[in-house]
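Here's the structure, in structure tokens; my notes come after.
The numbers here are math on the coordinates, done by the rules we state, and not lab data. All figures in this text were calculated on a predicted structure; none of them were measured in a lab. A quick note on method: Cβ atoms are made from the backbone with ideal geometry, for glycine too, and the neighbour counts reach across all protein chains shown.
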Amino acid sequence: MPKKKRGFKRFIWPLVILLLLAFCLVPTHYYIEGAGTAEPTKQFVTVAGKHDQQRGRFLLTTVGIQGPATGLQLLLSKTQPFTEIMSRAELMGDEDSKDYDQIQKYYMDSSINSAVEAAYKKAEKPYTTKYMGVYVMSILEQSTFKKQLAVGDTITAINQKQFKSANGFVKYVQGLKVGQKVTIAYQHNGHAKKATQRLMKLPKTHYAGLGITLTDHSEIETETPVKIDAGEIGGPSAGLMFTLQIYSQLTNQSLLTGRTIAGTGTIAPDGTVGPIGGIDKKVLVASQEGATVFFAPDDPVTKAILKVEPDYQNNYAIAKAAAKKIKTKMKIVPVKTLDDALNYLK
């Protein structure tokens, strides 16, 4: 009997060690969303070839994504404030990592475009909008163009016809027949390409199509050159802070007066500030970076929203609660528009 017990112990301990190693080293299918970084916008933005030299800083704030995470990392994340564990599907939907990153890049590029337009419009400086084509957001598996097109490509023409909006492109294609051959011209990683395939029947419709989801791709052109290189940062949430940075340089206004001003929010060309995700995490990193003010989107809480989600809180409410939880002295300022932020700074 004692010999059997010793044999069992010799078997169980290697198994325990293997399980511990797997817990610590083997990735799961889950990701951790937590606090990211607070980055000075002046390092990314140049106006007329120059970086901002005024005292103080505008900070854009990010959410950090870690994963696929190990069991140990998931466990440790429970000790950190404002962290969330999510599945791959919750984070990326149906996209693979490459397509997800490309979509995030598109959102950033679009946000930069809107920031430049909003800043120029507010500064009453001239600019023009150049329509580039339709941006490929996703591709159906059964699309005949699946092997040629990739998420992130821009279709510039179809059958040598060019359009001034995605709606015009869609209406033209819907007027064609299922199975009809078409030739598209498109940009892929900066290279001009062409592809010819037959149109497919779009699911749950009688219309012909390429089998893609798409959106407008346009760029703002200005006399005074503005360049924003956000590096690896993706998503649309830096729009407001980029707009403030561009506007202050365009108008030579010292909006900061030595302060560190953080914030987040999408920006529309008309200056409307929109809500984003993970604002509690962004409040945390802004406070840690020494910001004294944090601009939070004050998106409207309508009856329609509350009917669907009775406990809904907008970005401003979540940011206020996060600031209270971490006991920061940083002031949370609600903004609905670019003017709200500018009026506060002035």
What percentages, rounded to whole numbers, describe P(r) for the range 222-266 computed over all alpha carbon pairs with 10 Å bin width beginning at zero? 21, 52, 26
Distance from the Cα centre of the range 224-277 to that of the range 299-329, in angstrom? 23
Restricting attention to the range 203-274, which trypsin sites (Lys or Arg not before Pro) occupy a DSSP loop and are surrounded by at most 12 other Cβ atoms within 10 Å? Lys204
Can you tally the lysine pairs in the range 130-218 where the Cα-Cα distance is under 14 Å and the two residues are eight or more apart, or on different chains? 9
What shape does the range 197-346 take by its C-alpha gyration tensor, where a ≥ b ≥ c are the square roots of the eigenvalues and a/c under 1.5 counts as rounded, a/b above b/c as prolate, and the rest as oblate? oblate
Cα-based shape type of the range 71-198, given that a ≥ b ≥ c are square roots of the gyration tensor eigenvalues and the cut on a/c is 1.5: oblate
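Please work out the Kirkwood hydrodynamic radius for the range 132-173, using every pair of different C-alpha atoms, and report it in angstroms with one decimal place. Display every interim value, and only then the final one.
Working: mean 1/r = 0.0912 Å⁻¹.
Across the range 132-173, the inverse of the average 1/r is 11.0 Å.
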Over the residues of the range 1-150, compute the C-alpha Rg and express it relative to 2.2 N^0.38 Å. 1.69
How big is the convex hull of the Cα atoms of the chain, per residue, in Å³? 222
What size of dipole, in debye to the nearest 20, comes out for the chain about its Cα centre when the only charges are +1 on Lys and Arg C-beta atoms and -1 on Asp and Glu C-beta atoms? 1300
Among the lysines, which fall within straight-line cross-link reach of Lys282, defined as a Cα-Cα distance under 22 Å, with same-chain neighbours fewer than 8 residues apart omitted? Lys42, Lys78, Lys105, Lys320, Lys324, Lys325, Lys327, Lys329, Lys331, Lys336
Over the range 130-218, what lengths in whole Å, largest first, do the semi-axes of the equivalent ellipsoid take, defined as the square roots of 5 times the eigenvalues of the alpha-carbon gyration tensor? 18, 14, 12
Extension gain (nm, one decimal) between Arg259 and Leu72, 0.36 nm per residue minus Cα-Cα: 63.4 nm
Ignoring everything except DSSP H segments at least 4 long, calculate the 222 nm mean residue ellipticity for the chain; use -39,500 (n - 2.57) per segment, divide by total residues, nearest 500. -11000 deg cm²/dmol
Write out the trypsin sites (Lys or Arg not before Pro) in the range 154-187 meeting two conditions: DSSP loop, and at most 16 other Cβ atoms within 10 Å of their Cβ. Lys164, Lys177
Of all DSSP beta bridges having both residues in the chain, the percent classed as antiparallel (nearest 5) is 80
Please sort through the DSSP H helices of the chain and keep those with an alpha-carbon extent of at least 20 Å along the long axis and a Kyte-Doolittle average not below 1.6. none
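Residue separation times 0.36 nm, minus the C-alpha to C-alpha distance between Glu232 and Ile326: what's the value?
31.0 nm
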At most 15 other Cβ atoms within 10 Å plus a DSSP loop assignment makes a site exposed; report the longest stretch of the chain without any exposed GluC sites (Glu not before Pro). 1-123
Scan the range 35-64 for trypsin sites (Lys or Arg not before Pro) in coil per DSSP, keeping those whose Cβ has at most 11 other Cβ atoms within 10 Å, and list them by number. Arg55
